[in-house]
Amino acid sequence: ALSMVGVAREVAALTGATVRLPKAKTVSVVKPAGPSLKLNIQESQGCPAYVGTLISGVKIGPSPAWLQQRLEGSRIRPINNVVDVTNYVLLEWGQPLHAFDADKLKAVAGGDRLTVGVRFAQPGETMKTLDSQNRQLQAETLLITANDRPVALGGVMGGESTEVDGETQNILLEAALFDSATIRRSARSQGLRSESSNRYERGVNQAGLEEACRRAIALILELAGGEAMG
C-alpha cells in the first residue's frame, strides 16, 4: 500500500479486475566516450542490487503542472523536474530513487574517474545531508561513496554536497535494492526517517527495480532533456 502500483495489484486481487501498469517509453542508452562509471559494492548483503545511469545535458526547471499537482496531492513539495520525477516514481512504483549532480560527485571524488561505492561508515566520518544537518556517522550507517568519500546515506537521504540544483547539467540516477534490516539500523543510527527508508525498511518489490528505473529515465529525458549513458 506504499505505491499506486501496489494498491492497484491489491484491488485487482480482491475484485478480479485487470491491472494496467504504467509503461516506460523505450529509451536509447549510449556508451560514453570517456571514462565510464564504476561500482564498488563492498556490502552486497546490505545492497544486493545497484543500478547507476548517467544522464548528460539535462536542463533543470519547474515540473509541468500535472506532475506538481500529483506530488502536492501526496503531500510532497515539488522541487525541480529531475527530483520531482524521482519522487513521482517512488509514489507510483514504491521504488526509491536518488539523483546526484554528476559533476559535484566528481568534485567530491577528486577526478573524472568515478567509482560509486556502498559500504558502512568508518569511525570519525561525517557528512552533511540534504536537510542541512551535519551527521556524525556510526558503524551501522550505510553509505554511498564517490571514490570512497561519503556522499549519501544509502536508502535514507542524499548529501548536500551533491544535490541537484538549477546549475546541474549532468546527473547520476541511482536505483538500488537495500536490505530491510540494514536500512532500519542505518536510519536508527542517525535518528532519521524518510520516504525512502520507510519503504526499504518494509521491503520493496525487487522485480520492479528495472521497470521503475526505466520509467524514471524516460520521464527525465521527456521533462529535462539530455542523453542517457550506460
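The values are calculated or read from the model by the stated rules, or taken from the named source; none is laboratory data. Small disclaimer: the values here were computed from a predicted structure and weren't measured. Virtual Cβ from ideal backbone geometry, glycine too; neighbours counted across all protein chains shown. To get the accessible areas, we keep the full protein, side chains included, count just its heavy atoms, and leave off ligands, DNA and RNA. Shrake-Rupley method; radii C 1.70, N 1.55, O 1.52, S 1.80 Å.
Solvent-accessible area of segment 7-94 (1.4 angstrom probe, protein heavy atoms only): carbon and sulfur portion equals 51 percent. Prolate is the label for segment 170-230. Its Cα gyration tensor axes, ordered a ≥ b ≥ c, give a/c of at least 1.5 and a/b above b/c.
Each Lys or Arg adds one and each Asp or Glu takes one away; over the other residues whose Cβ falls under 9 Å from the Cβ of SER180, this sums to 0. Lys-Lys pairs in segment 1-118 that are eight or more residues apart or on separate chains and whose Cα atoms lie under 20 Å of each other come to 6. With both labels modelled 7 Å from their Cα along Cα-to-Cβ, the THR26 to GLN133 distance reads 4.6 nm. As a size descriptor, the averaged projected area of the C-alpha convex hull of segment 11-91 was calculated at 9.3 nm². With an a/c value of 1.5 or above and a/b not larger than b/c for the gyration tensor axes a ≥ b ≥ c computed over the alpha-carbon atoms, segment 90-192 is described as oblate. Return a whole-number percent for the relative contact order of the chain, with Cα pairs under 8 Å and 6 or more residues apart as the contact set. It rounds to 31 percent for the chain.
A 1.4 Å probe run over the protein chains yields, for the chain, 50 Å² of accessible area per residue, whole-number rounding. A protection proxy built from the mean count of other Cβ atoms within 10 Å ranks the segments 64-75, 143-154, 212-223, 194-205, most packed first, as 143-154, 212-223, 194-205, 64-75. Dividing the summed -39500 (n - 2.57) terms of all DSSP H runs of n ≥ 4 by the residue count of the chain sets its mean residue ellipticity at 222 nm at -10000 deg cm²/dmol. Distance between the modelled labels on ARG75 and LEU14, one decimal in nanometres: 2.1 nm (7 Å Cα→Cβ projection). Distance from the Cα centroid of segment 195-230 to that of segment 7-57 is 5 Å (rounded to whole angstrom). Bridge orientation summary for the chain: considering DSSP beta bridges with both residues in this region, about 85 percent are antiparallel.
Mean Kyte-Doolittle of at least -1.0 and a Cα length of 15 Å or more along the axis: which whole DSSP H helices of the chain meet both? The answer, listed by residue number, is 4-15, 81-93, 209-224. For SER63, the residues whose modelled amide H falls within less than 5 Å of its own, excluding neighbours fewer than 5 places apart on the same chain, are ASN81.
So what's Rg/Rh here for the chain, counting alpha carbon atoms and using the Kirkwood radius for Rh?
With Rg and the Kirkwood Rh in hand, the quotient comes to 0.95.
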